[in-house]
Amino acid sequence: MKRDLKTVFLAAAMALYSHQGFAATPGLWDGTAAMPPETLFVPENQLSQGSFKYVSLRPVYFDSSKATLTYEGQQALDAAAEYLLKHDNIKRILIEGNTDEKGSEAYNDNLSDRRATIVRNYLTIKGIDPNLINLAGKGEFHPVDQNWTREGRQRNRHVSIYALHWNR
């Protein structure tokens, strides 16, 4: 996969944005609402005031080069499943797998897909309708923190879970 200019600029912007003093990703670290990924945007002409509500759930972290759930990851997924089951107006769930920059691009793409799949399977076992779930493996291209520190790489090894509520 070749990096296009938009991806390079996005990576540069994320690196600048994650500089100390800024929140790495709103909603993940500072409690403010994160912007939904482009795949969750609904055209303005289809929206009425308050018709949709976007919710970013707690991320699930992974060990380096692994797609196995940790105890903390299972706790995060149990909380996510509980939330998702309580709200019957959720019409779409997006699960995005991410990696740090260690390893080849192909390896990281595959690893992010495996992480997203593990999270989907866990949520499905907990009773979440698999027809609501969309998977996206982002590889190393959507970091939430810098990759040149151990802590930054740890935060980049995660799966994000987004829920889209229909409020009509």
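Taking 0.36 nm per intervening residue step and subtracting the Cα-Cα distance, what contour gain separates SER104 from GLU82 on full extension? Show your work: numbers first, answer last.
Working: separation 22, 0.36 × 22 = 7.92 nm, distance 3.58 nm.
Stretched fully, the SER104-GLU82 segment lengthens by 4.3 nm.
With label points built 7 Å along Cα→Cβ from the Cα atoms of TRP166 and THR117, find their separation and express it in nm. In this crude spin-label approximation the distance works out to 3.0 nm.
Using only side-chain charges placed at the Cβ, +1 for Lys and Arg and -1 for Asp and Glu, the dipole size of the range 77-135 relative to its Cα centre rounds to 220 debye. Here the 3J(HN,Hα) profile of the range 79-88, calculated from phi with Karplus coefficients 6.51, -1.76 and 1.60 at θ = phi - 60°, is 5, 5, 4, 4, 4, 5, 6, 6, 10, 7 Hz, Gly and Pro shown as x.
First select every other residue whose beta carbon is under 11 angstrom from the beta carbon of SER64; then total the charges, Lys and Arg +1, Asp and Glu -1. Don't skip to the answer; put the middle values down first.
On the way: positive: LYS66, LYS102, ARG150, ARG153, ARG157; negative: ASP63, ASP100.
After counting each charged neighbour, the total is +3.
Rank these for me by crowding, HIS87, HIS165, going from fewest to most other beta carbons within 10 Å.
Numbers: HIS87 11, HIS165 15.
Placing the least packed residue first, the sequence is HIS87, HIS165.
Taken together, the values in this text are just the output of simple stated rules run on the coordinates, not laboratory data. For clarity, every value in this text was computed on a predicted model and none was experimentally measured. Reconstructed Cβ throughout: ideal geometry from the backbone, glycine too, with neighbour counts over all protein chains shown.
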